[in-house]
Amino acid sequence: MVGGGPGSFIGKIHTKSAQLDSQIELVCGAFDVDPANSKLQGKEYYLDPSRAYDTFQEMISKEKDLPEGRRMDFLSITTPNHVHFEPARLALENGFHVVSDKPLTNNTEDARKLVRLVEETGLVFAVTHAYTGYPMVKEAKEIIRSGRLGKIRKVVSEYPQGWLSTPLENTGHMQASWRLDPAMSGKSNCMGDIGTHALNLCEYITGLKVTQVCADISIMVEGRKLDDDGNVLVRFDNAARGIIYASQISAGEENGLKIRVYGEKGGLEWIQVEPNTLIVKWLDKPIEHIRPGNPWCSDLAKYNTRFPAGHPEGLIEAFGNIYRNVATCIQHRLEGKEPPAEALDFPTVYDGLRGMQFIDSVIASAESENKWTKFLE
Ligand code: NAD
């Protein structure tokens, strides 16, 4: 792992969820920008001290020299956005598979380079848009794919948070500080940080692609260089219309990712803080509440459910589904076999690239007088 040092956020979720199914073991890390903290973190994980490295460059070079079977099989990248590309590039060039957090990089040119490297090396590359790992998100995808809602006409994918309602970045807050710094975050804060999740969720569930955007991006807290709120009207490739919005100044909101999709015959609704319930609405019959672990769930939802009905699953399990699928793919590769189709169901480098293109498109639209802007592929 790179990142995930003391006091960090998402690296800790990665280590727990990766090891959930006992297919993955944490064997080494360059956990922190400060080498002393990397050592401390390694000690906390009871790692061999020689494998808590000072830098990711040292880690990749030394791991490569270890015998097969002892060296790491893949690298998890859980650092701020400006430290995604370099470890990913080095890992791929040295034959290691990659699981990277989003946004894929902090600029689209680097994202394209990673796509090329993945295509050249054939290595596994997952991007942790982990909300698509929830069983009820899979169920929503399968309901739409089966045609039960009819042709999709409208999609609302919203991601309100309230934690940046005040200038938290000026207080030394670790996660806020780098997110509001263009040198580390990239050209967007809010749209890159959580707007990309809202895009990925709606494209995954509906199977549709955004083709045009009309965006209004704002800085609501004075003194910031990057957006903290944004509203985007979108058009999809089947002519459906939609709204994607992301906000970090929606005071009082926690992590309110929510999606609503409406077709000709019915609609569905899923909200991240209640992930085990999918609400399906019909024109001609009562609302249904679908929960995981039941026999009427789709095979895809069942494959991604660990517990019997009524035993709630959460974020660790959703992340764990990405890691379980990655582990299955790598295992098959090591054995010279093709992975089963269900194991290929995780966000890839192409989803990461779309996230970067979404950021570009939204910013281009926000800056243009025309407003409606073609999705920049
Ligand atoms: P954080 O600030 O909490 O942690 C970042 C960690 O990376 C720290 O331990 C820091 O010391 C380490 N680091 C920085 N530079 C390093 C380097 N050169 N070598 C080794 N370690 C280094 O950040 P966070 O909030 O956990 O976010 C990390 C990434 O995860 C971001 O890209 C963010 O967008 C993404 N993220 C994704 C999700 C999700 O749901 N998938 C949620 C939160 C954050």
- Item | Mean Cα-pair separation over length for segment 2-123, i.e. relative contact order, pairs under 8 Å, 6 or more apart, % | 20
- Task: Only Cα pairs under 8 Å and at least 6 apart count here; give the relative contact order of the chain as a rounded whole percent.
- Result: 19
- With label points built 7 Å along Cα→Cβ from the Cα atoms of Glu264 and Ala239, find their separation and express it in nm. 1.1
- Item | Paramagnetic reach from Leu334 (point 7 Å along Cα→Cβ, amide N under 15 Å) across segment 89-104 | 96-98
- Percent breakdown of C-alpha pair distances by 10 Å bin, ordered from the shortest bin, for segment 2-123: 14, 47, 34, 5
- Message: If N is the number of residues in the chain, what value comes out of its Cα radius of gyration divided by 2.2 N^0.38 Å?
- Response: 0.98
- Note on the structure: Reduced to Cα centres, the span from segment 188-252 to segment 307-352 in Å works out to 26
- Task: Please give the contour-minus-distance gain from Gln23 to Arg116: 0.36 nm per residue of separation, less the Cα-Cα distance, rounded to one decimal in nm.
- Result: 30.6 nm
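Going by accessible area, probe 1.4 Å, with all protein chains left in place, what is the ranking of Met220, Met1, Met184, Met174, largest first?
Ranked from most to least accessible, the order is Met220, Met174, Met184, Met1.
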- Query: In whole angstrom, how long is each semi-axis of the equivalent ellipsoid of segment 211-316, when you take the square root of 5 times every eigenvalue of its Cα gyration tensor and sort them from largest down?
  - Reply: 32, 21, 12
- List every residue whose amide H lies under 5 Å from the amide H of Gln212, counting only residues 5 or more places away in sequence or on a different chain, with H placed 1.01 Å from N in the peptide plane. Arg235, Phe375
- Message: So, for segment 2-123, what is the accessible surface per residue at a probe of 1.4 Å, expressed in square angstrom?
- Response: 46
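So how much slack lies between Gln175 and Asp34, counting 0.36 nm per residue of separation and subtracting their Cα-Cα distance, in nm? Intermediate values should be presented prior to the final figure.
Numbers: separation 141, 0.36 × 141 = 50.76 nm, distance 1.60 nm.
Fully extending the segment from Gln175 to Asp34 adds 49.2 nm.
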- Task: Quick one: among Gly147, Gly266, Gly256, which has the greatest mean-square fluctuation in a GNM of the chain with alpha-carbon springs under 10 angstrom?
- Result: Gly147
- What fraction of the DSSP beta bridges in the chain is antiparallel, stated in percent and rounded to the nearest 5? 70
- Out of Ala327, Ala176, Ala366, any idea which swings most in a Gaussian network model of the chain, alpha carbons joined below 10 Å? Ala176
- Message: Rounded to the nearest percent, how much of the accessible area of the chain (1.4 Å probe, protein heavy atoms only) is carbon and sulfur?
- Response: 52
- Message: Calculate the FRET efficiency for Lys371 and Trp163 from the Cβ-Cβ distance with a Förster distance of 30 Å, rounded to the nearest 0.05.
- Response: 0.55
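The values are calculated or read from the model by the stated rules, or taken from the named source; none is laboratory data. As the structure is a prediction and not an experimental result, all values here were calculated from the model. We place every Cβ from the backbone using ideal geometry, glycine too, and count neighbours over all the protein chains shown. In case anyone asks, the SASA skips ligands and DNA or RNA and just uses the protein heavy atoms, side chains included. Shrake-Rupley method; radii C 1.70, N 1.55, O 1.52, S 1.80 Å.
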